[in-house]
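The values are calculated or read from the model by the stated rules, or taken from the named source; none is laboratory data. The structure displayed is predicted, hence computed values, not measured ones. Note that we place each Cβ from the backbone using ideal geometry, even for glycine, and neighbour counts take in every protein chain shown.
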Amino acid sequence: MKHRLGIDIDGTVTCPSTFIPYLNEAFGKELALHDITQYNLAPLYGVAEEEMDRWLAENEAGIYERAPLARYALEVIDSWKDKYELYYISARGRHLYELTERWFQRHGIHYHHIELIGSHDKIAAVRQYRLAAFFEDKYDNACEIAEACGIPVILFDTPYNQGPLPDNVIRVRHWLEAKREVELRLAP
């Protein structure tokens, strides 16, 4: 039986800087990825949480449609299409499913299942699908999944996800490193 991998989409399969140009334009800032030192964007852009939430709700679909792939993501994921079952578990809302599926198809990204849970709490989905490893960019998600589910979690290094890591959270810079780490840990 093939191992089943769980993969977050935004900031993991997509480039972690995807939203920055749009946020900069909307809020009159000139931030770069290295300036995004926390997951909560409202304080960094000097706006209230409600304003940021409203802006994201109004703009997320268009940005998701144009999101570029993370470096090496397609190459690595393509190399796994026959080796692993690829389950994408995202905090995106369910109303974005068709847009998300079209994006996957347009970019030629292989998948066995896409689950949009509308929440950052992915533990139930990780357990439900019996995932062998998970790929994430959100620090607290990575730590919580690793600790609650006892599986390796590959954390893609960004300025917004720094902090001490449990033993089974592995920080990587890009998908080629992620591939090496997973294949070492899930070798038959």
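Numbers at a glance
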| quantity | calculated |
| --- | --- |
| Out of Arg92, Arg127, sole residue that is assigned to a loop (DSSP other than H, G, I, E, B), more than 20 Å from Arg173 (Cα to Cα) and modelled with pLDDT of 95 or more | Arg92 |
| Residue identified as under 13 Å from Gly6 (Cβ atoms) and either modelled with pLDDT of 95 or more or assigned to a helix (DSSP H, G or I) (or both) among Glu147, Glu115 | Glu115 |
| Residue, farthest from Gly93 (Cα to Cα), within segment 130-139, restricted to residues that are touching a His at 6+ places or on another chain (Cβ under 8 Å) and assigned to a loop (DSSP other than H, G, I, E, B) | Ala132 |
| Subset of segment 19-32 (residues that are within 19 Å of the chain's Cα centre (by Cα) and within 18 Å of Asp53 (Cβ to Cβ)) | Phe19, Ile20, Tyr22, Leu23 |
| Failed condition for Glu25, given (1) of a type in the set (D, E, K, R); (2) buried (at least 17 other Cβ atoms within 10 Å of the Cβ); (3) not in a loop (DSSP other than H, G, I, E, B) | (2) |
| Filter result for Tyr39 (in contact with a Lys or Arg (Cβ under 7 Å, 6 or more places away or on another chain), part of a loop (DSSP other than H, G, I, E, B), aromatic (Phe, Trp, Tyr) and modelled with pLDDT of 95 or more) | no |
| Subset of segment 61-76 [without any contact (Cβ under 8 Å) to a residue 60 or more places away in the chain and among the hydroxyl-bearing types (Ser, Thr, Tyr)] | Tyr64 |
| Matching residues, segment 53-108, being polar (S, T, N, Q) and within 14 Å of the chain's Cα centre (by Cα) | Ser90, Thr100 |
| Glu181 surrounded by fewer than 20 Cβ atoms within 10 Å (Cβ to Cβ), among the charged types (D, E, K, R) and under 26 Å from Asn59 (Cα atoms) | no |
| Some residue of segment 134-151 being closer than 21 Å to His34 by Cβ, aliphatic (A, V, I, L, M), within 17 Å of the chain's Cα centre (by Cα) and crowded, with 20+ Cβ neighbours inside 10 Å | yes |
| Output for segment 38-84, where each listed residue is within 18 Å of Tyr160 (Cβ to Cβ) and of a type in the set (Ser, Thr, Tyr) | Tyr39, Tyr45 |
| Criterion (closer than 21 Å to Asn161 by Cβ, acidic (Asp, Glu) and under 15 Å from the mean Cα position of the chain (by Cα)) met by exactly one of Asp10, Asp35 | Asp10 |
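For (1) assigned by TED's automatic domain parsing to the domain that holds Gly11; (2) without any contact (Cβ under 8 Å) to a residue 60 or more places away in the chain; (3) part of a helix (DSSP H, G or I); (4) under 20 Å from Ile170 (Cα atoms), each residue gets a yes or a no:
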{"position": "Asn59", "(1), (2), (3), (4)": "no, yes, yes, no"}
{"position": "Asp78", "(1), (2), (3), (4)": "yes, yes, yes, no"}
{"position": "Tyr88", "(1), (2), (3), (4)": "yes, no, no, yes"}
{"position": "Asn141", "(1), (2), (3), (4)": "yes, no, yes, yes"}
